[in-house]
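*Asks:* Provided herewith is a single structure, encoded as structure tokens, for subsequent inquiry.
Each value in this text was obtained by applying a stated rule to the coordinates, not by laboratory testing. Keep in mind that this is a model prediction, so the values were computed, not measured. Neighbour counts run over all protein chains shown; Cβ positions are idealised from the backbone, glycine included.
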Amino acid sequence: MAAPRVVICIPCEATTVEKRAVIDAAKNAGAKKVFLIEEPFAAAIGANLDITEASGNMIIDIGGGTTDVAVISLGGIVVRSSIKTAGDKFDEAIIKYIRKKHKLMIGERTAEDLKISIGSAYKREKEVTMEIRGRDLVTGLPKNITVSSGEMVEALREPVNAIAECTHSVLEKTPPELAADIAEKGIVMTGGGALLHGLDKLIQDYTKVPVYVAEDAVSCVAMGTGKFLDYIDKYDITFFGDEVSLIEGKNMSF
């Protein structure tokens with residue numbers, strides 16, 4: 001069987017060392033050639049944004065380990081930022097909050113359930129609750145408690161504010177013409193973290209720019225990467241050295 005060519009998504013501020021580690025891992029797994037594509041770029045393609053036009057598009061991709069924020073125009077990333085605050089940090093914040101307020105130790109699975117079921121970055125119109133079980137840190141015995149969505153807003157305040165601040169920072173660095181386009185079209189959110197209730201409203205309040213969650217947000221990066229596979233043969237890819245190129249979509253029609 002012929003060795004495959006592989007396209008891999010990376011955070012938009014990955015270092016040269018990190019990129020090399022990804023390439024080596026793929027080659028050790030049997031890849032013939034390795035192409036790297038930045039996650040917000042792939043997410044924008046997967047969200048069906050027209051990234052090849054002259055106007056600006058802004059994307060926030062919130063995964064498990066990183067949140068990538070980028071402004072894309074003419075098939076290239078104009079401004080980018082990446083922070084290590086995303087879904088995993090949401091879980092950690094919930095575990096820390098429950099331990100501190102309720103003196104109860106819970107695991108990652110329970111924290112994930114809380115995040116999905118009643119997690120919120122913005123106060124809900126109607127309060128919802130969920131019963132969880134953990135280990136009482138005082139007695140050492142199992143204990144049940146009821147947690148509210150209001151408590152989740154408090155628990156998640158730090159990580160969601162970090163994402164909002166990162167978005168604001170990227171907007172501040174965006175050229176005025178592109179910023180005007182974004183203000184008109186809005187910001188698109190992708191990734192599993194984008195599904196956190198009220199996060200779009202929080203960022204909208206923070207930036208004063210409309211924020212939308214992409215359809216099938218969880219799959220946008222994967223779908224965008226898949227769409228690019230159709231273009232590897234059609235376009236000349238310039239390699240760094242003889243192995244890898246950071247893919248940009250100039251002159252491409254996705």
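*Asks:* Using all C-alpha to C-alpha distances in the range 87-157, build P(r) with 5 Å bins and read off the rounded percent in each one.
*Replies:* In order of increasing distance, the bins hold 3, 19, 32, 26, 13, 5, 1, 0 percent.
*Asks:* So if R0 is 41 Å, what FRET efficiency would THR16 and SER55 give, r being the distance between their Cβ atoms, rounded to the nearest 0.05?
*Replies:* So, using R0 = 41 Å, E works out to roughly 0.85.
*Asks:* Sticking with this one: Helix-only mean residue ellipticity at 222 nm, the chain, DSSP H runs n ≥ 4 weighted -39,500 (n - 2.57), per residue, nearest 500. What is it?
*Replies:* Dividing the helical sum by the residues of the chain leaves -12000 deg cm²/dmol.
*Asks:* Continuing with this model, one more query. Based only on other Cβ atoms within 10 Å, what is the fewest-to-most ordering of GLU165, GLU177?
*Replies:* Least crowded to most crowded, the residues run GLU177, GLU165.
*Asks:* I need the shape label for the range 44-126. Rule: rounded when a/c is under 1.5, else prolate if a/b > b/c, else oblate, with a, b, c from the alpha carbon gyration tensor.
*Replies:* Here the range 44-126 falls in the prolate category.
*Asks:* Moving on to the next point. Local charge sum around MET105 (other residues, Cβ-Cβ under 9 Å, Lys/Arg +1, Asp/Glu -1)?
*Replies:* +2
*Asks:* Using θ = phi - 60° and the Karplus relation 6.51 cos²θ - 1.76 cosθ + 1.60, list the HN-Hα couplings for the range 88-98 in order, rounded to whole Hz, with x at every Gly or Pro.
*Replies:* Each residue of the range 88-98 in turn: 5, 5, 4, 4, 4, 5, 5, 4, 5, 5, 4 Hz.
*Asks:* Could you tell me the distance between the Cα centroids of the range 1-23 and the range 34-78, to the nearest Å?
*Replies:* 17 Å
*Asks:* Using the beta-carbon distance between ALA3 and HIS168 and R0 = 25 Å, what value does 1/(1 + (r/R0)^6) give for FRET efficiency, to the nearest 0.05?
*Replies:* The calculated FRET efficiency here is 0.05.
*Asks:* Tell me which label goes with the value of Kirkwood radius over Cα pairs in Å computed from the coordinates here: (i) 19.5; (ii) 20.3; (iii) 18.2.
*Replies:* (i)
*Asks:* Just list whichever of LYS101/LYS126; LYS143/LYS201; LYS100/LYS185 have alpha carbons separated by over 30 Å in the model shown.
*Replies:* LYS143/LYS201; LYS100/LYS185
*Asks:* Whose amide H sits under 5 Å from the amide H of VAL211, counting only residues 5 or more places off or on another chain, with H placed in the peptide plane?
*Replies:* Excluding prolines and chain starts, which carry no amide H, the hits are ILE187.
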